[in-house]
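The values are calculated or read from the model by the stated rules, or taken from the named source; none is laboratory data. Being a predicted model, the structure only gives us computed values, none of them experimental. Here the Cβ is made from the backbone with ideal geometry for all residues, glycine too, and neighbour counts use every protein chain on show. When the accessible area is computed, the model is the full protein with side chains, heavy atoms only, and any ligands, DNA or RNA have been set aside. Shrake-Rupley method; radii C 1.70, N 1.55, O 1.52, S 1.80 Å.
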Amino acid sequence: MIERCTQNFLASESRLNAYKTWDGARARKLAEAVDALFAEGVDLGPLMGIPVSVKDLYGVPGLPVYAGSAERLPEAWETAGPVVSSLQRQLGIVVGKTHTVEFAFGGLGVNAHWGTPFNPWASAEHRTPGGSSSGAGVSLVQGSAFLALGTDTAGSVRVPASMTGQVGLKTTYGRWSLNGIVPLSSSLDTPGLLTRTVEDLAFAFSAMDASARSVPKPCAPRPLTGLRIGVPENFFWEGIEPSIGALVEATVDRLAQAGARIVRLQLPHCEEAYEIFRQGGLAAPELAAYLNEHFPQKIDQLDPVVRARVQGAEAISSVEYLRRKAVLKRCGAGAAQVYDDVDVLLSPTVPITPPRLADIADGASYGKANMMALRNTVISNLFGWCALTLPVGLDASRMPVGLQLMGPAMAEERLIGIALNIESLIGRGFDVLGRAPAQA
């Protein structure tokens, strides 16, 4: 398995640029040790021997952490937190650290310091891979990893998963520890997983779940017959590219034909919460505070698309910051009442096709595309929910389209169970996308 992943890496990495740090030699040695343990009948967990890529925000002993910045962070950040420790206890094999937007502050995946990973589904042009976990989805398409660890503050797992045709899960805030992960927003950051199929996600989530079970609880498929699927008619469809909207609507029709009950509704408080996000939300002032305390020398060296928002956050008063937190808490509580009437909410994951890098070269075009990329995903973060994305086909530009499922806090097993049956209905991975990516 590791041999195949290494071959895939060597064959494509010079173009795809998924990794900041590749650790193939150590991965090979660990794989040999795993083989020896298997031969002796030793089983340390479901992820034993699985090749895993890790976003370059997580501490992994022996590997540097850059967090997308120009210089290596202090060695203290290389200590493994609970998420990576859980992986390593099971002898999951970290093959390397994938690229991220600097300090995870962006949804398109660009990085002026180390280059932007190449979206493998674009054959002749450089399109964004999604961010901020920009190398994560690329590593899965590349075949250098079977599981990717990312983080999600406004969509940073689901956007790259959607743009590269993968499955991505944003966990509920607080379900998994943030220790050992370089922060963007202490109020919104969540660890997350990217996989090639929902079946893989169900397997990985059960193995990684930190909710204190000695025996992982499986994510059982949830029947579609009678399932109440809420489809918000407001907010999530505004400005959507027609081919993306048509593909998601066609998927909704298939779910209805399979016996699901489709409930068209208005989801309250989306616009109010999104307006706060447009003004910098909580992430901008929290990242600015973190950098001023720990890395003030880095602020002037930040990637320009990050620096402008960090410096702008200096003008946000403590009163305004606390007001924003209170408003978002109220909005989340009010919107959550929708789950009294539906089992899950469904929307397009990203309403735009992955932009060409040439089309977002200036600040204004980047800012507009970045906000659109994150618009549909950020609602779950602002409301304190969990959410996942799975691929449903290709848009008019022949780029992947994601279907987003949203659920209340701590409903990950429910979401994954529903997604398992959706995947069984429509197909999975490359099957539903219709072709292999050009650079895989």
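So the values come out like this:
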quantity: Residues satisfying the stated conditions in region 298-330, i.e. outside any helix (DSSP H, G or I) and either surrounded by 14 or more Cβ atoms within 10 Å (Cβ to Cβ) or hydrophobic (A, V, I, L, M, F, W, C) (or both); calculated: Leu302, Asp303, Ile316
quantity: Test for Pro355: is it closer than 20 Å to Glu272 by Cα and open to solvent by 10 Å² or more (accessible area, probe 1.4 Å); calculated: no
quantity: Answer residue from region 139-155, given it is among the hydroxyl-bearing types (Ser, Thr, Tyr) and touching an Asp or Glu at 6+ places or on another chain (Cβ under 9 Å) and is surrounded by the fewest Cβ atoms within 10 Å (Cβ to Cβ) among those; calculated: Thr151
quantity: Sole residue being farther than 17 Å from Leu433 by Cβ, of a type in the set (A, V, I, L, M) and crowded, with 24+ Cβ neighbours inside 10 Å, chosen from Ala136, Ala112; calculated: Ala136
quantity: All positions within region 158-183 that are of a type outside the set (Gly, Ala, Ser), more than 22 Å from Pro46 (Cα to Cα) and open to solvent by less than 10 Å² (accessible area, probe 1.4 Å); calculated: Arg158, Val159, Pro160, Met163, Thr164, Thr172, Val182
quantity: Spans of strands (runs of 3 or more DSSP E) in region 134-195 with at least 2 residues under 24 Å from Pro408 (Cα atoms) and touching a Cys at 6+ places or on another chain (Cβ under 8 Å); calculated: 167-170
quantity: Which listed residue is closer than 20 Å to Ser186 by Cα and not hydroxyl-bearing (Ser, Thr, Tyr), from Gly135, Gly150, Gly143; calculated: Gly150
quantity: Those residues of region 29-51 which are touching a strand residue (DSSP E or B) at 6+ places or on another chain (Cβ under 9 Å) and open to solvent by 30 Å² or more (accessible area, probe 1.4 Å), in sequence order; calculated: Leu30, Ile50
quantity: Selected residue [charged (D, E, K, R), touching a residue at least 40 places away in the same chain (Cβ under 8 Å) and touching a His at 6+ places or on another chain (Cβ under 8 Å)] from Arg356, Arg375; calculated: Arg356
quantity: When residues of region 223-247 are limited to those that are under 19 Å from Asp343 (Cα atoms) and of a type in the set (Val, Ile, Thr), the one surrounded by the fewest Cβ atoms within 10 Å (Cβ to Cβ); calculated: Thr225
quantity: Scope region 405-426; condition aliphatic (A, V, I, L, M), open to solvent by less than 10 Å² (accessible area, probe 1.4 Å) and part of a helix (DSSP H, G or I); matching residues; calculated: Leu415, Ile416, Ile418, Ala419, Ile422
quantity: Residue among Ala250, Ala288, Ala283, Ala220 that is open to solvent by less than 20 Å² (accessible area, probe 1.4 Å), more than 21 Å from Ser380 (Cβ to Cβ) and not basic (Lys, Arg); calculated: Ala288
